[in-house]
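Shown next, in structure tokens, is the structure this report addresses.
The values are calculated or read from the model by the stated rules, or taken from the named source; none is laboratory data. Not measured: the values here are computed from a predicted model. Please note: Cβ atoms are built from the backbone with ideal geometry, for glycine as well, and neighbour counts cover all protein chains shown.
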Amino acid sequence: MGLAPRPDRTTVTVDPQSQEGWVTTKLDFLVNWGRANSLWPMPFGTACCAIEFMATAASRFDLARFGMERMAFSPRQADVLICAGRVPFKLAPVIRRIYQQMPQPKWVISMGACASTGGMFDNYAVVQGIDTIIPVDVYVPGCPPRPEGLIYGIMMLQEKIKRERMSDNTLRTEIEPDPSSNLYIPPTMIDELSEPFGNSVHQTRSGL
Amino acid sequence: MSAPFSPVLAGHASPEAEAPRTPRNVLHRGGPSNPSAGRIQQRFPDAFVRAEVVWGDTTVFVKPEHVFAVISYLHDDAAEQYDYLSDVTAVEYRDLELPIEMVWHLRSLPHRRFLRLKAQLPKGQPLRIASVWPIYKGADWLERECYDMFGIVFEGHPDLRRILLWEQYKEGFPLRKDFPLRGRFSRSEQLRQALAANPEARYSMEELKIADAFEDLPQDMRRRLAGGEKTGE
């Protein structure tokens, strides 16, 4: 796990087995370089993780170094949705709508334990991981993660973007939720993702 | 109502009102009782159940059917002047034999007094209690929250519907002890119901004021409401 060693970007090697030509790989490199270094974040801060996100954006950690100095508080002008904090069920349709309003290409960072898994809030009101609502690219663990943790996640996302290939047509497809249930993954998978774990298994249950 | 605004100075009605006590000299049980407790006992002998003083705060238990009369007296009487309702809530104990307790936190700024009023609602019958909205308009959202979480019906409340959970929430009342911590439905079903909500819907016919003002609404808003727009399924 973690960041793989940065590939050598000064030379372009041509793989004769590959179907991709020199021009498309070179164009890929240019496009991905541009995308990865000008990600405009859409902050979706709902809890204490948003405080750490603000610290990351402020001068000491300076998100602007990654080309992210422009916070897009409008999904139409955003590239990466950073969900910082727990998402209650009442907000589930809102974050789904915000994600659908973002233009392609778009990515999602799930910041913190609550956004990734529901965290300690294994209760009736909180979504057990935003990946049950929208696809997630990078999960940042922590409660809340320190700014270094979020920057590490952003760098992982940049690495991911730099490896994208234009010839891969699965990347830019929109999620299409099931029209009857509005879920984009099967209900059994949601139940499996939402299974309690760790200390949460042993918590007092009041069911009579 | 049209009287000029005059600031309420805490303690101005009782020059002999004691200074606020520090935690250092407060007894756990007993100690000086709030004088309002004795006056409630004198004036409402049928309603009064008992009074106790815990950590310097007086709690008066009254019968649920007399709550409105007692709170009206506490609000209106010149010797009481409880002008601020700071909280309305309820307590359910883990021992299911015990009744649900309704709690009102009342504060008198002129007399610098605090009074906690409780009423016990027995189990096994509909949980109904008089609303204090006619006395304190601020009770509106407090009682809606109490209804949302416990399912206690406040009779006389003008607009009793859920406030924290969405209006179509089907799983029950979350702070009741028989409510499972993770809710009654599976996670996928909970998510399905939540995602069925329409984030664009800002108005609902169940909202009293909107229903009353329907004729005066703009054309597009009337069309949306008449088309049955709801905030969820």
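Across region B:197-209, the qualifying residues are those that are surrounded by fewer than 16 Cβ atoms within 10 Å (Cβ to Cβ) and modelled with pLDDT of 70 or more, and the one among them that is nearest to B:HIS157 (Cα to Cα) is B:ALA201. Scanning region B:166-190 for residues that are more than 7 Å from chain A (Cβ to nearest Cβ) and out of contact with any Gly (no Cβ under 8 Å at 6 or more places or on another chain), we see that the one that is surrounded by the most Cβ atoms within 10 Å (Cβ to Cβ) is B:TYR169.
Considering the conditions (1) closer than 16 Å to B:ALA194 by Cβ; (2) buried (at least 21 other Cβ atoms within 10 Å of the Cβ), A:ALA125 is excluded by exactly one of them, (2).
Within region A:143-188, count every residue that is within 14 Å of chain B (Cβ to nearest Cβ), over 19 Å from the mean Cα position of the chain (by Cα) and without any contact (Cβ under 8 Å) to a residue 24 or more places away in the chain. Don't jump to the end; show me each part of the working.
So the first thing to find is which residues in region A:143-188 are within 14 Å of chain B (Cβ to nearest Cβ), and the list is A:175-188.
Checking the rest, the ones that are also over 19 Å from the mean Cα position of the chain (by Cα) come to A:178-182, A:186-188.
When the remaining residues are screened for being without any contact (Cβ under 8 Å) to a residue 24 or more places away in the chain, the result is A:178-181, A:186-188.
Residues in region A:143-188 being within 14 Å of chain B (Cβ to nearest Cβ), over 19 Å from the mean Cα position of the chain (by Cα) and without any contact (Cβ under 8 Å) to a residue 24 or more places away in the chain: 7 in total.
Within region A:13-29, does at least one residue satisfy the condition of being surrounded by fewer than 18 Cβ atoms within 10 Å (Cβ to Cβ), modelled with pLDDT of 90 or more and not in a loop (DSSP other than H, G, I, E, B)? There is no residue in region A:13-29 that is surrounded by fewer than 18 Cβ atoms within 10 Å (Cβ to Cβ), modelled with pLDDT of 90 or more and not in a loop (DSSP other than H, G, I, E, B). Every condition in (1) assigned by TED's automatic domain parsing to the domain that holds B:SER72; (2) touching a residue at least 40 places away in the same chain (Cβ under 8 Å); (3) among the aliphatic types (A, V, I, L, M) holds for B:LEU175 except the one numbered (1).
Of the residues that sit in region B:121-141 and are surrounded by 15 or more Cβ atoms within 10 Å (Cβ to Cβ) and not in a loop (DSSP other than H, G, I, E, B), which one is nearest to the chain's Cα centre (by Cα)? Per the criteria, the residue is B:ALA139. Of the residues making up region A:102-136, those that are touching a Cys at 6+ places or on another chain (Cβ under 6 Å) and away from chain B (no Cβ under 12 Å) number 5.
Could you list all residues from region A:57-79 that are more than 14 Å from every other protein chain (Cβ to nearest Cβ), in contact (Cβ under 8 Å) with a residue 12 or more places away in the chain and not in a loop (DSSP other than H, G, I, E, B)? A:ALA57, A:LEU63, A:PHE66, A:ARG76, A:GLN77, listed by residue number. Of the residues in region B:82-100, not one is out of contact with any helix residue (DSSP H, G or I) (no Cβ under 7 Å at 6 or more places or on another chain), of a type outside the set (Ser, Thr, Tyr), more than 26 Å from B:ARG176 (Cβ to Cβ) and part of a strand (DSSP E or B). When B:PHE5, B:PHE61 are checked against the criterion of being out of contact with any helix residue (DSSP H, G or I) (no Cβ under 8 Å at 6 or more places or on another chain) and either at pLDDT 95 or above or among the hydroxyl-bearing types (Ser, Thr, Tyr) (or both), a single residue qualifies: B:PHE61. Taken together, the criteria place B:ARG24 among residues that are more than 24 Å from B:ILE135 (Cβ to Cβ) and in a helix (DSSP H, G or I).
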